[in-house]
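Reviewing the structure listed below.
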Amino acid sequence: MHSSSSRRGQLSPLSALTALFVVCAAISTYALVLDDSSPTAERNLGETTLSAVESELEDDTGVVSLPDHSSPLASCPDGYSCRAIVAAGDSRRVLGATGSAPASADRATTRVSIRVAPGDVRFGTLRVEVWQ
């Protein structure tokens, strides 16, 4: 055998350390991205659900109509109970889950234009409560 054949397949220590660093950095980056993309229990569902409920209740002009009856909310996240309260002046409608929401429920409120009767639009509030 030649003396050069004993050196074949070997790496210098600097090359091996560089390759190890690159592999570790790639795995760490993957783990951080994966952790950031997974849902957490700490998120506030109130704001997100409020936006979805507002879109569900608004007509093409951006006015929320007071429904005549209580109905389930299609915008409620899967696995959660939610209720929307639409109020303008003395008029108030509750949509979604019945009963009272627990103290730990996520809540969000916004001001909206509400049609209380044909041709009668008033400022009011839309409040959403979400709980598991």
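Okay, here's what the table says:
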item: Scope the stretch 1-21; condition surrounded by 10 or more Cβ atoms within 10 Å (Cβ to Cβ) and either modelled with pLDDT of 75 or more or among the acidic types (Asp, Glu) (or both); matching residues; result: Ser15, Ala16, Leu17, Thr18, Ala19, Leu20, Phe21
item: Condition check for Asp78: modelled with pLDDT of 85 or more and farther than 27 Å from Gln132 by Cα; result: no
item: The listed residue being touching a residue at least 12 places away in the same chain (Cβ under 8 Å), of a type in the set (Ser, Thr, Tyr) and farther than 23 Å from Asn44 by Cβ, out of Ser104, Ser55, Ser75, Ser91; result: Ser91
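The values are calculated or read from the model by the stated rules, or taken from the named source; none is laboratory data. Since the model is a prediction, treat every value here as computed from it, not as a measurement. With ideal geometry, Cβ positions are generated from the backbone for all residues, glycine too; neighbour counts draw on all protein chains shown.
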